[in-house]
Amino acid sequence: MLGFLSDLPQFLLVISLSALSAFFFLVYICLLMYLHPRLLGLKFGISFLLAGIFGNVLDKALRGWTVDWITFPWVRDESVAFNLADSFLWVGILTVIWWVFRRESDIWYPGDQRRQIWHYPKEQLGFSLRFSAIMLGMCGMLGFFSYAFIQQILLPFPGDLATTFGEQYLVVLGCLSLLFLAVAFVIGVWLSHRMMGPILAFERHVEEILAGKNKEFRLREGDMLKKLEEIAQLIGKTLLIWGLLTTVAQAYPQYIGLQYTSCLTCHYNPMGNGPVNDYGRGVGATGIAGRMFSADDVSEEDLVANSAFPGIDPQKNSWLRPFLGYRGLGLENNAFTGNSQKRWINMQLDANLVLKGGARDQYIASFTIGTRPTEITDQNNLMESKSYSREHYVGWRPTPKVGVYAGKMDKVYGLRIPDHNLSSRRATKTAQFNQVHGVMIHGVGETIEAAAHYFVGDLNEQDEDLRDKGFSGLLEWGVTERQRLGISYMNSSTTLDSQTAMAIHDRVGFGKGHSIMAELGQITRQPEGGESTTSRYGLLQTHLLWWRGMWLTGTFDYYQRDTTVEDESFGVGPGLQWFPWQKTELRLDVLNRRIFSESAAPEDAWQVLMQVHVWL
Amino acid sequence: MVIRILLLTSLLWPQMIYAQVNRKLVIERKISQLESFTSQKLGRDQRALNLWVKNKKGKMPRVNNRLLKSYYFLGVLHAQLYSKYSSGEENREDLTNFRKARFYLKAVEPYEYNIDKVEDRLSKMESVRIERMKAITNSYWRLMVQYISYQELALLKDAGGEENITSPQRGLCFGGQFAYGNTEYEWALDACAYASSGNVGAKNPARYFQQDVSSKGLYVKPTYWKLLAEGEAGIGFGVPVLLRTVDYTEPAGVTVESRRVIPFGFSVDGRWRMTPLMNLTTTAAMVDGSMLWSIGLIYQL
């Protein structure tokens, strides 16, 4: 192709070849500079390739043909001949091919997710085309200038000669301009790739964060926009703080089976219960609830988007989180006998408002107003309700690890299971309507979580002499990622009696969603002017995640009212806990009550409990 | 052109043929070379990375890219050995290859080293393992100890007539279990000898009451287990049968007899793997119209 150069006058030939050489040399130098030192072999290959090209180009330019002077004496076909430049060329080509295809992981940055050249094709193509257009414009201007300049020099020469020189000049100029244009386009793509690469990596990092993975973000050594690493670190820290601060309508301790160890992950109240935060709603929608009634084309992201309270967009509204919840209980006592009693109890109908503020949502205020049955023990009035506020408190977390909360809330003690009929809740006075006013300090570390609660009774509901006053504390230790061992202590008194309770509990997660929880405790009651009694209780609750949203539960409840009397009560039974779709929980529990008495042989009693729990 | 390429590559042919024929040997040799290279040249980074992978504490260490590359290839090579050149029986060698492949690939995963390939390789390896484990069925012998409680149903006959009475029993049971299955399901047969005691009495204790009536027997239960999370937990459905004797005291004019000779029913069971050989197991069963429940431990021999 370059044979036409041999027709050029000597000085134009020299100029053209020099320009071409300079161009290739420039490309070559760029490759040597920008290719990683570990790609030495590739650099050698390119050097050989370039040497081969130059050898042949020189031959063709100077002679119009190449001199293939090396032949194989044992091969008769004379066309099988080559020269040293050919050898260099082939060695270069094979080396480059070998590096490109067999050592690709060396050429591309290790662990490269951005292997493709076009990360954002539209933007990159636009950038490259604009870059090329600028280069073409500059080439054009330079060409116009030099053409005019040369024409002036050639004016004294005869017309034909001037025209021939001018045409040849234009051909060479055009070829070189096209070459520059191509190179400018490639450089444009390369530059845009280098700029877009870190942005792509950052975009993927953000996607992973949204998917719940918070990995460290690191750019390549030679990448631009290193500032993104700092921004990613800042985002990571902020998310961690959010996670700790605002880290579901219902999040139960059993969710250790899903690797959620702390209530703080999903609740505003770090000890659980009450409304859930945005993260908790998301977890509830995608990790807890089933999607039996969700169409296949509804993505998990859509479910998360629908998990918010209707009309509240968490992206736009950062300070207000309303919550509505209802829990109804269908209870059948003495089930499977002729004298069974069935009733429906509206256990809870709550409206809650959470106000939160601060850069890390470190200020929280939660207000709940709702109803409760008038008298839980008075069967005649069970359907009647009266107003009741389960919680109203303000909270402040000066650091992500420590928080102070003041107001009405649940007592800090033991496993906060939702089964208020079991001994661990009933006997310890930590059941559904045993909230108290007080101050709680909560701290959480990597493996330790602790809370201390000073309380003065329920100021709204209780008469002064019946108010529970005292303190309680809980310490939980993460033995492993899937196991939490805890101890609790509570001392409280009214004008009628005092009570000291202590317990040890353990929560263990298995596989995905399966768990066991156990609590053993002792309660000592001292009536005013009477003899003290010591009670013991035990709880074992098991959960097996059958399919998404559906748990098969097992409950073992043990209670000995007085340790000096050998009367013991066991409550055992299976159950189903089903979250068919988000914001809905259905439960069916069967509980067999068996009493081992010193002086009687009572028949077993059966309880069937059916719960409907919905929330917004 | 073709002749040139053939001439240039001719020296490599024997080696290529040998490599194809002895592929497994070649991979093992490569692993050995790569491991010794890694420990010799990148020992410090390797120790830091291994420690972090095991503990996952602190910040991800910055390590030489060559180490990541080396780990990636070690992972790939072990994965090849596991996936393509294994016995398929999940023997010790296969498990070693699987664990090593997972270790190396999991080590480079946080660094996003060839992340697409690493994730793809891990998931393929895992599915190969699951498929193999499903295909492999084993039989197991296990020992069990359980705290068991059930309600004995009896019929009281005296001068006053007949009355259905009950006796809540509780006691301990020792026995064994034979199970056959794979990682997805198990058929098990439990046989547990138990001794229990409990009061028995009429509604009016003055008519008839006896304290600590003892019962001995054999508790047999064939169970189908649906294993979850590769056996970490399981849901069982069984048919418990009680073969027992109850020592009622019968005062003059009074007879007490069991209402069922061989009570049987159906159960829902749960189990959780506490350690690789120890399971916690629970049973809630309807037997003879009353509840039988148990909680205990099963140890695999």
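Residues satisfying the criterion are absent from region A:525-541 (criterion: over 30 Å from A:Asp468 (Cβ atoms) and buried (at least 18 other Cβ atoms within 10 Å of the Cβ)).
So which strands (runs of 3 or more DSSP E) are wholly in region B:189-296 and hold at least 2 residues that are facing chain A (nearest Cβ under 10 Å) and β-branched (Val, Ile, Thr)?
Working: elements: B:209-228, B:233-238, B:241-246, B:255-258, B:265-273, B:278-287.
Where strands (runs of 3 or more DSSP E) fall fully within region B:189-296 and carry at least 2 residues being facing chain A (nearest Cβ under 10 Å) and β-branched (Val, Ile, Thr), they are B:278-287.
Quick one: in region A:498-532, of everything that is of a type in the set (S, T, N, Q) and more than 28 Å from A:Gly290 (Cβ to Cβ), which residue is nearest to the other protein chains (Cβ to nearest Cβ)?
Applying the first criterion (of a type in the set (S, T, N, Q)) to region A:498-532 yields A:498-500, A:515, A:522, A:524, A:526, A:532.
Keeping just the survivors that are more than 28 Å from A:Gly290 (Cβ to Cβ) gives A:498-500, A:522, A:524, A:526, A:532.
Values: A:Ser498: 33, A:Gln499: 29, A:Thr500: 28, A:Gln522: 20, A:Thr524: 26, A:Gln526: 31, A:Ser532: 28 Å.
That would be A:Gln522.
Quick check on A:Phe570: is it buried (at least 19 other Cβ atoms within 10 Å of the Cβ) and touching a helix residue (DSSP H, G or I) at 6+ places or on another chain (Cβ under 6 Å)? No, not satisfied.
With respect to (1) over 19 Å from the mean Cα position of the chain (by Cα); (2) modelled with pLDDT under 85; (3) part of a helix (DSSP H, G or I), the lone exception for B:Asn97 is condition (2). Scanning region A:575-597 for residues that are over 20 Å from A:Ala427 (Cα atoms), in a strand (DSSP E or B) and either β-branched (Val, Ile, Thr) or modelled with pLDDT under 90 (or both) gives A:Thr584, A:Val590. When you scan region A:515-537, do you find a residue that is assigned by TED's automatic domain parsing to the domain that holds A:Val608, under 26 Å from the mean Cα position of the chain (by Cα) and not in a strand (DSSP E or B), even just one? No - not one qualifying residue is present in region A:515-537. For region B:85-110, the set of residues classified as among the charged types (D, E, K, R) and at positive phi consists of B:Glu90 only. Could you tell me whether B:Phe37 is of a type in the set (A, V, I, L, M, F, W, C), within 14 Å of chain A (Cβ to nearest Cβ), surrounded by fewer than 19 Cβ atoms within 10 Å (Cβ to Cβ) and part of a helix (DSSP H, G or I)? Taking the combined requirement at face value, the residue does not satisfy it. Cβ-Cβ contacts under 7 Å between residues 6 or more apart (or on different chains), taken from a first residue in region B:57-76 that is within 11 Å of another protein chain (Cβ to nearest Cβ) and within 17 Å of B:Glu28 (Cβ to Cβ) to a second residue that is assigned to a loop (DSSP other than H, G, I, E, B) and at pLDDT 85 or above, are listed as B:Ser70/B:Leu42.
Among all residues of region A:606-614, there is at least one that is at the interface with chain B (Cβ under 10 Å from one of its Cβ atoms), part of a strand (DSSP E or B), within 27 Å of B:Asn204 (Cα to Cα) and not acidic (Asp, Glu). Looking only at region A:290-322, which residues are basic (Lys, Arg) and surrounded by fewer than 13 Cβ atoms within 10 Å (Cβ to Cβ)? Within region A:290-322, A:Lys316 is the sole residue that qualifies. Test B:Ala179 against the criterion of being surrounded by 15 or more Cβ atoms within 10 Å (Cβ to Cβ), in a strand (DSSP E or B), of a type in the set (A, V, I, L, M) and more than 14 Å from chain A (Cβ to nearest Cβ), and give yes or no. Against the criterion (surrounded by 15 or more Cβ atoms within 10 Å (Cβ to Cβ), in a strand (DSSP E or B), of a type in the set (A, V, I, L, M) and more than 14 Å from chain A (Cβ to nearest Cβ)), B:Ala179 qualifies. For region B:107-123, the condition holds for at least one residue, the condition being that it is modelled with pLDDT of 85 or more, touching a helix residue (DSSP H, G or I) at 6+ places or on another chain (Cβ under 7 Å) and away from every other protein chain (no Cβ under 14 Å).
To keep it simple, each residue is scored yes or no on (1) more than 7 Å from chain B (Cβ to nearest Cβ); (2) surrounded by fewer than 19 Cβ atoms within 10 Å (Cβ to Cβ).
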position: A:Met550; (1), (2): yes, yes
position: A:Gln577; (1), (2): yes, no
position: A:Gln582; (1), (2): yes, no
position: A:Leu586; (1), (2): yes, yes
position: A:Val590; (1), (2): yes, no
position: A:Arg594; (1), (2): no, no
position: A:Ala601; (1), (2): no, no
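Only one of the numbered conditions (1) more than 10 Å from chain A (Cβ to nearest Cβ); (2) assigned to a strand (DSSP E or B); (3) hydroxyl-bearing (Ser, Thr, Tyr) is not met by B:Ser167, and that is (1). Answer yes if at least one residue in region B:80-91 is modelled with pLDDT of 85 or more, over 28 Å from the mean Cα position of the chain (by Cα) and of a type outside the set (A, V, I, L, M), and no otherwise. No - not one qualifying residue is present in region B:80-91.
The values are calculated or read from the model by the stated rules, or taken from the named source; none is laboratory data. Since this is a predicted model, take the numbers as computed values, not measurements. Cβ: placed from backbone, ideal geometry, glycine included. Neighbour counts: every protein chain shown.
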